[in-house]
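J.: Questions regarding the structure given below will be posed in turn.
Each reported figure results from applying straightforward, stated rules to the coordinates on display, with no laboratory input. Bear in mind that the values here come from a model prediction, so they are computed numbers and not experimental data. Here the Cβ positions follow ideal geometry from the backbone for every residue, glycine too, while neighbour counts run over all protein chains shown.
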Amino acid sequence: MLKIDAFTIEYRKNPLGIDDKKPRFSWVMLSDKSATVQASRRIIVMGPDTVMWDTGDVPCSQSVLVTYEGSALEPKTKYTVSLIVKDNHGETAEADCFFETGLMGRFNPNALWITHGMDSGGSSCPIFIKDFTLNKKVHMGRVYISALGIYEAKINGNKLGDAYFAPGWTSYHHRLQYQIYDITGFLNDTNNLCITTANGWYAGVLMSNYRYGERTAVWAQIELIYENGQTETIVTDNSWQYGTGPARYAEFYHGEVIDHTFDVEVYGAAKPIEPPTGELTAQECEPVRVTKRIKPVSKTLTPKGELVFDFGQNIAGLVEAELDEPRGTKVVVKYAEVLDKDGNFYTKNLRTAKAEDTFICAGGGEVFLPSFTSHGFRYIKVEGIDNDYPADRFTACVLHTDMEPIGEFTCSHPGVNRLQQNIVWGQRGNFIDIPTDCPQRDERLGWTGDAQMFAATAAFNYNTALFFTKWLRDLKADQTIKHGVPTVVPSVLEDKEGVAAWGDAAVIIPMALYRAYGDIRVLEDQYESMKDWVEYISSKAGDSFLWQTGAQYADWLALDKEELSDRVGATDIYLIASAYYAYSTGLTAEAAGLLGYTDDAVKYRKLRDDIIEAFQKEYITSTGRLVSETQTGCVLALHFNLAKQEHRVKITEMLVKNIERHNNHLSTGFVGTPYLCHALSDNGCHELAGKLLLQRDFPSWLYTVDKGATTMWERWNSIKPDGSFEDASMNSFNHYAYGSIGDWIYRMIGGINILEAGYKKSLISPRCIKGISGAKTSLKTPFGELSCEWGYKEGVFNANIRVPVNTEAVIDLPNRGIKESVGSGVYNYTYQTEMDI
Ligand code: BGC
């Protein structure tokens, strides 16, 4: 039987607030027959009273991201979509879904931006209030809200939605999101809409002292349709009032003060201001939400006498406290990622971030949960309560962009399983509306390099399509001809020249999304940005075809340089810059080809060849020696295909020797690490790649696991072998760059590889390593679940493979000697073979 398992619009189920003029539909099919493909499909989109689009029965296999081509969609309108598909076995399946459009740029001109009349520059949390009465029954109510700062809205005391930190962080000068809420069920005869704001990223404390503006402001449009068909709009204007409420102070780095003895105080009429320059757009990716709640695993009094609760997992988020204390009691919760060697609460690595929340009780059972801050922590220290306070009164609330979890990997090696968990937690801790470097210290910025290095791994663990699509729009908005791509996006650091491997996020991430999700629109939308980045480098390189200017972060935090003060590693910084120049130019040529820009494709292919020729002249001797004989130098030359065929062997030997000289350990930093194991596996040294993965002593991935890491660390030596910490000025225990090994784990040990974008065609080819005797990997691809479970025991290899409907796979199992092409279905294999694993 054919079934439709999921039917989505722009990656979402029944979304509210689609601003795209041409949204795309995707569906996942299930069938109990093998080799099932879609033979035809019909899509019917119905407006309130007309057929907007009826495709008729179209013979076509496309089932992912099918673009709407019907009549022009209207704003604020609900559309239902019906789908009928037929497969090659003559079976049929149907499904329905709906979507509601956002304002689509048609804002009510009477809706003004309003601010408060308090002194600006503080960290108070102004509220904006509108009371309104209704004397007719409401059929449908919506409110559209945006803010400068971050906000939480309540109607008649009910929080609207479950998002945190709306309207999100975008390049505010250019783009600002608004959110849409269904308020139908909350409306009474008399109503109160209260929007609490906080500085957030807009007016709050940021490492760079950068501020987009001084004071918070809001914009809202309430749209009501009464049962009698009449409509009414209520907008932000000078009839709104402002004041303050129980949230007394909030900053991301420093925490929040909530005073339950303080009620709402209204100070006067809100003041209209000039609208911000940023264009308003409906929320573009999943919101930040609480995705998990964790109770403490233990409570201790540290040697210093601090009352500390351990949640067992380093996370980003908040703590909810249930307190039953007399009126006026002040309870302070402080946050830390680690305890020091002696077991005391350690916060030095937070730098200037105070990371503390203060709860002032009103007397009587109360629940405190901040709304306008977040922290990176595993431990909390609580002051103001008795030492015998029950631990279960505190709950850690995990916060991150609520992307769909799509990938799972487990294997026979408990250390690698923990590593995989740590990689996932690294992602959860840092995908907080934008891809941040870390969630705990006074930084938390969208470092482009970190994001690009981790993008391929991230795309396995969660569906990152919307998350990165939004962020790439900000990257494009903040990119300039003069400075290229900023090192952090949204751009809040001083303008500097673009940096290799960081700016390349502009090219590498759109390509990673296209590959993982088959999303060609992201390439279309980002193509100018990709090209501009390559052109920016060309303007530096000129006729030399080498990028040899400017400051670089290079192989950031690599271990192979004695004098570590500049942290850039031992690899020639301009070898790295030129290597990335070649790589990004090649990817841009590929994107041009895919988009049908033939002239550009030819131009950038030629440019790539020129860069490679120059690279070889400058960095590879005539006998095939690389000038920077570092691991990262070799890895880039191999992985980016920069050496002549006859020199690859020598460079591989150089890489192997270097690793051996380090007693089979890595010494790579941010740039070399993501590709290190790939470079080995692709060049006949898969066994050594396996050794690196399973290495347990310093420096290695499992060293961190053995040191008790529950997420990825910023540095290989964040905790040194003697248990002391690396320099607190840069030592985060939640940084995802070294989690980029996840891509290799999924593809090599897990065996899941892309042959055609979006896994329309996949390669299932697990490559065993000594120390792992079985693995189970599954991935919800755009077409459905692709999985590979394999095991090896006593000379027998077993595999169980699932290939989704409407896709094909090439199955290439170890020592089997045949590559088999299959259609969808479940395939089992058992055969005898001798393997040393
Ligand atoms: C961040 C990094 C970032 C780097 C750039 C650091 O402060 O935490 O992850 O890429 O700066 O050098």
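J.: Rounded to the nearest 500 deg cm²/dmol, what is the calculated helix-only ellipticity per residue at 222 nm for the chain, with -39500 (n - 2.57) per DSSP H run of length n ≥ 4? Mind showing how you got there, number by number?
T.: Numbers: 14 runs with 183 residues, N = 837.
Only helices count here, giving -7000 deg cm²/dmol.
J.: Also: In the chain, which whole DSSP H runs stretch at least 18 Å along their own axis (Cα) and average 0.5 or higher on the Kyte-Doolittle scale?
T.: Details: long enough: 414-430 (24 Å, -1.00); 448-461 (19 Å, 0.30); 465-478 (20 Å, -0.02); 520-541 (30 Å, -0.65); 573-595 (33 Å, 0.98); 598-619 (31 Å, -1.14); 645-661 (25 Å, -0.89).
Helices meeting the criterion: 573-595.
J.: With charges only on Cβ, +1 for K and R and -1 for D and E, what is the dipole size of the chain about its Cα centre, in debye, rounded to 20? Working shown, then result.
T.: Numbers: 82 positive and 107 negative charges, 203 e Å.
Once rounded to the nearest 20, the dipole reads 980 debye.
J.: Now for a separate question. Based on the alpha-carbon gyration tensor of the chain, what equivalent-ellipsoid semi-axes (square roots of 5 times the eigenvalues) come out, in whole Å, largest first?
T.: Values: eigenvalues 372, 240, 150 Å².
After scaling each eigenvalue by five and taking roots: 43, 35, 27 Å.
J.: Within 10 Å of each candidate Cβ there may be at most 10 other Cβ atoms; applying that plus a DSSP loop requirement, which GluC sites (Glu not before Pro) in region 518-615 survive?
T.: Listed in order of number, the matching sites are Glu562, Glu563.
J.: Right, another one. Could you sort the peptides 463-471, 681-689 by per-residue average Cβ neighbour count (10 Å cutoff), highest mean leading? Provide the component values of the computation, followed by the final result.
T.: Details: 463-471: 24.8, 681-689: 18.1.
Ranked by mean Cβ neighbours within 10 Å, highest first: 463-471, 681-689.
J.: May I ask you to list the lysines whose Cα is less than 29 Å away from that of Lys644, ignoring any residue fewer than eight positions away on the same chain?
T.: Partners found: Lys531, Lys540, Lys561, Lys603, Lys606, Lys617, Lys657, Lys691, Lys819.
J.: Exceeding 25 Å between C-alpha atoms, which entries from my cross-link table qualify? They are Lys354/Lys482; Lys295/Lys334; Lys76/Lys137. Before the final figure, lay out the partial values.
T.: Numbers: Lys354/Lys482 36 Å; Lys295/Lys334 16 Å; Lys76/Lys137 20 Å.
Beyond 25 Å between Cα atoms: Lys354/Lys482.
J.: Can I ask one more? To make sure I understand the rule: partners must be lysines, Cα under 18 Å from the Cα of Lys780, and not fewer than 8 residues away in the same chain. Which ones qualify?
T.: Within the straight-line limit of under 18 Å, Lys780 reaches these lysines: Lys3, Lys13, Lys760, Lys761.
J.: Quick one: grab the alpha carbon gyration tensor of region 752-832, order the square roots of its eigenvalues as a ≥ b ≥ c, and give me rounded if a/c is under 1.5, else prolate or oblate depending on whether a/b is larger than b/c.
T.: Numbers: a/c = 2.05, a/b = 1.77, b/c = 1.16.
The shape class here is prolate.
J.: Let me check I've understood the local charge: for Phe345, count other residues with C-beta under 12 angstrom from its C-beta, Lys and Arg +1, Asp and Glu -1. What total comes out? Don't skip to the answer; put the middle values down first.
T.: Numbers: positive: Lys304, Lys334, Lys348, Arg378, Lys381; negative: Glu306, Asp310, Glu337, Asp340, Asp342, Glu356, Glu383.
Summing Lys and Arg as +1 and Asp and Glu as -1 gives -2.
J.: I need the fraction of alpha carbon pairs in region 401-477 separated by more than 19 Å, rounded to a whole percent.
T.: When every Cα pair of region 401-477 is considered, 36 percent fall beyond 19 Å.
J.: How much net charge surrounds Asp706 when only other residues with a Cβ under 11 Å from its Cβ are counted (Lys, Arg +1; Asp, Glu -1)?
T.: Details: positive: Arg418, Arg696, Lys707; negative: Asp697.
For residues surrounding Asp706, the net value is +2.
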